[in-house]
Amino acid sequence: MKWDEYIYTRPVFYKLIMNLFLKQSFFIVIIFISLSSLAQKRISASVEIKQVKNKKVITIKKDIFYQSNGNFVVHMTKPQEYYVVTNSLGEAKAYMPQTNEVLIINDPFFSSQNELLYSFLSNDFQDFGLQKIGFKLKSQKKEGTKIIKTFITDKKEIKDISKIEMVYEKNLPIYSAYYKQKEITRKIYYNKYMHFKMFTFPTQITEISYDSPSDSTVKREVYSNIKVDEFIKNSLFDYKIPASAKLVSPFSKK
């Protein structure tokens, strides 16, 4: 399916929005600590995602605008322009400026607290929130300068994951592996950390999903132009979808 077809079907559009927030089923980071005590109130960044599957490369570009009150704005610029506005409750609105249409989703799954940036802003990523969704720490061992933690779960609804391994170095996550029985189904690498006054963040995340024994999908996400508490006039932190936007589901083609 061509990319421009993705956004026009409801099921795939949901999947598209999930990719925006770097979350898919139980591979998301869930941390429920308030950011209200952080000195940084507003953070923005530019993000480029390259995904390779079946020898085809898809490039996605977006700018993100995060506030400590939970408001989160995503401005997609490639391959197609649109906006996503969400909050900590999972109230998400996707706006297509070319057609002046808006799609509304109300689902805690789309909460801004599930954004990868949030987990690092909270400075609480020692278990990536796994114990909050039913995982238990089975073991922890040290290998050289690295700490390896293994998490397991007996929750029936997490049937596709038997265990998760998290590897830390200098108290920061650098690698995670997701298993289904003895087979690795996904690997994630966290690289090129940048240090700010109140938080540290990996500016490059590489994810490899093993879709089948003979096929895989590689996705690399690179963050740049990260700004903290820089209040620029006419920025998108407080972006509002036009009141004249037509409520539709799914989007119509131009």
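The values are calculated or read from the model by the stated rules, or taken from the named source; none is laboratory data. This structure is a prediction, so every number in the text was calculated from the model and none was measured. In this analysis, Cβ positions are derived from the backbone assuming ideal geometry, glycine residues included, and neighbour counts consider all displayed protein chains.
Among the numbered criteria (1) crowded, with 21+ Cβ neighbours inside 10 Å; (2) part of a loop (DSSP other than H, G, I, E, B); (3) modelled with pLDDT under 65, which one does Gln113 miss?
(2)
If we keep just the residues of region 138-187 that are within 15 Å of Ser209 (Cβ to Cβ) and in contact (Cβ under 8 Å) with a residue 60 or more places away in the chain, which is surrounded by the fewest Cβ atoms within 10 Å (Cβ to Cβ)?
Once the filter is applied, the top-ranked residue is Asp160.
Looking at Lys180, Lys227, can you tell me which residue is within 14 Å of Ile43 (Cα to Cα) and modelled with pLDDT of 85 or more? Let's see the steps before the verdict.
On the way: Lys180 fails: within 14 Å of Ile43 (Cα to Cα).
The conditions single out Lys227.
If I go through region 83-104 residue by residue, how many of them are over 17 Å from the mean Cα position of the chain (by Cα) and assigned to a strand (DSSP E or B)?
Narrowing region 83-104 to residues over 17 Å from the mean Cα position of the chain (by Cα): 95-104.
Next, from what is left, pick out any that are assigned to a strand (DSSP E or B): 95-96, 101-104.
Final tally of qualifying residues: 6.
Within the set of pairs 6+ apart or on separate chains, which have a first residue in region 81-103 that is touching a residue at least 24 places away in the same chain (Cβ under 8 Å) and surrounded by fewer than 18 Cβ atoms within 10 Å (Cβ to Cβ), a second that is among the basic types (Lys, Arg) and not in a strand (DSSP E or B), and C-beta atoms under 7 Å apart?
Partner pairs satisfying both residue conditions: Gln98/Lys254; Thr99/Lys254.
Based on what the data block shows, is Ile49 assigned to a strand (DSSP E or B), modelled with pLDDT of 80 or more and either within 12 Å of the chain's Cα centre (by Cα) or within 23 Å of Ile188 (Cα to Cα) (or both)?
So Ile49 passes the test.
Can you find, within region 188-224, the residue that is surrounded by the most Cβ atoms within 10 Å (Cβ to Cβ) among those that are basic (Lys, Arg) and either touching a Phe, Trp or Tyr at 6+ places or on another chain (Cβ under 9 Å) or part of a strand (DSSP E or B) (or both)?
Our first condition is that a residue be basic (Lys, Arg); within region 188-224, this holds for 192, 197, 219-220.
From what is left, the residues that are either touching a Phe, Trp or Tyr at 6+ places or on another chain (Cβ under 9 Å) or part of a strand (DSSP E or B) (or both) are 192, 219-220.
On the way: Lys192: 11, Lys219: 19, Arg220: 16.
Among those that are basic (Lys, Arg) and either touching a Phe, Trp or Tyr at 6+ places or on another chain (Cβ under 9 Å) or part of a strand (DSSP E or B) (or both), it is Lys219.
Spot the failing condition for His195; the list is (1) more than 28 Å from Lys138 (Cα to Cα); (2) touching a residue at least 12 places away in the same chain (Cβ under 8 Å), and only one is missed.
(2)
For residues in region 53-80 being in a strand (DSSP E or B) and of a type in the set (Ser, Thr, Tyr), which is surrounded by the most Cβ atoms within 10 Å (Cβ to Cβ)? Talk me through it step by step, then tell me what you get.
Step one: filter region 53-80 for residues in a strand (DSSP E or B), giving 53, 56-67, 72-78.
If we keep only those that are of a type in the set (Ser, Thr, Tyr) as well, we get 59, 66, 77.
Details: Thr59: 11, Tyr66: 23, Thr77: 13.
Filtering region 53-80 for residues that are in a strand (DSSP E or B) and of a type in the set (Ser, Thr, Tyr), the one surrounded by the most Cβ atoms within 10 Å (Cβ to Cβ) comes out as Tyr66.
Of everything in region 127-140 that's touching a Lys or Arg at 6+ places or on another chain (Cβ under 8 Å) and closer than 14 Å to Asn171 by Cβ, which residue is modelled with the lowest pLDDT?
Looking at residues that are touching a Lys or Arg at 6+ places or on another chain (Cβ under 8 Å) and closer than 14 Å to Asn171 by Cβ, I get Asp127.
Give the residue, chosen from Ile161, Ile174, Ile148, that is in contact with a Phe, Trp or Tyr (Cβ under 6 Å, 6 or more places away or on another chain), farther than 24 Å from Lys55 by Cβ and not in a loop (DSSP other than H, G, I, E, B).
On the way: Ile161 fails: not in a loop (DSSP other than H, G, I, E, B); Ile148 fails: in contact with a Phe, Trp or Tyr (Cβ under 6 Å, 6 or more places away or on another chain).
Just one listed residue meets the conditions, Ile174.
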